[in-house]
1. Using a ≥ b ≥ c from the Cα gyration tensor of the chain (square roots of the eigenvalues), is it rounded, prolate or oblate, where a/c under 1.5 gives rounded and otherwise the larger of a/b and b/c decides, a/b for prolate?
2. Can you tell me, using C-alpha contacts under 8 Å and at least 6 residues apart, the relative contact order of the chain as a whole percent?
3. Considering only protein heavy atoms and a 1.4 Å probe, what is the carbon-and-sulfur percentage of the accessible area of the chain?
4. Rounded to the nearest 5, what % of DSSP beta bridges with both residues in the chain are antiparallel?
5. Quote to one decimal, in nm, the extra length available between A37 and E51 on full extension: 0.36 nm per residue of separation minus the C-alpha distance between them.
6. Using Cα atoms only, what is the angle between the long axis of helix 64-80 and the major principal axis of the chain, expressed in degrees (0 to 90) to the nearest 10?
Amino acid sequence: MARRKPAIEVEITEGAIRVRHAGRTLTVVASPPPPAAEDAPDFIISLDDIERWDAPHENDEIDVEKLQLILAAIEDECDRHGLTVEFD
C-alpha cells in the first residue's frame, strides 16, 4: 500500500499567506497590486520569497518540485475564496 504524502495546507490571513506541510511552515507576504492597475490580481507573490521554510526549519531549502506543489496549493486556496494570485 502506497503511503500518502502529507497535504499542503494554505491559510490566507490579512497580512500573509501561510503554508504548512510536514511539520514545517512557510509565511509568504504578498504584495498588493498597484493602486491604478486594472484587472490586477488580489495578491502578487515574488518567487524569490519562497526559498526556505520558516524557523526552526530555515536551513531547509524548498526544491523546485515542492515549490510547484506550494504554488498550486496557494492557487487552489485563492480560487476557493474567489481571489486571484500572480507569481512574479
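The values are calculated or read from the model by the stated rules, or taken from the named source; none is laboratory data. None of the values given here were measured: they were computed from a predicted structure. Protein only, heavy atoms only, side chains kept; ligands, DNA and RNA dropped before computing areas. Shrake-Rupley method; radii C 1.70, N 1.55, O 1.52, S 1.80 Å.
1. Values: a/c = 2.19, a/b = 1.62, b/c = 1.35.
The shape class here is prolate.
2. Values: 122 pairs, mean separation 23.1, N = 88.
Normalised by residue count, the contact order of the chain is 26 percent.
3. Values: 2920 of 6240 Å².
After summing per-atom areas, the C and S share lands at 47 percent.
4. Values: 11 of 14 bridges.
Here the antiparallel bridges make up roughly 80 percent for the chain.
5. Numbers: separation 14, 0.36 × 14 = 5.04 nm, distance 2.80 nm.
Stretched fully, the A37-E51 segment lengthens by 2.2 nm.
6. Orientation of helix 64-80: about 50 degrees from the principal axis.
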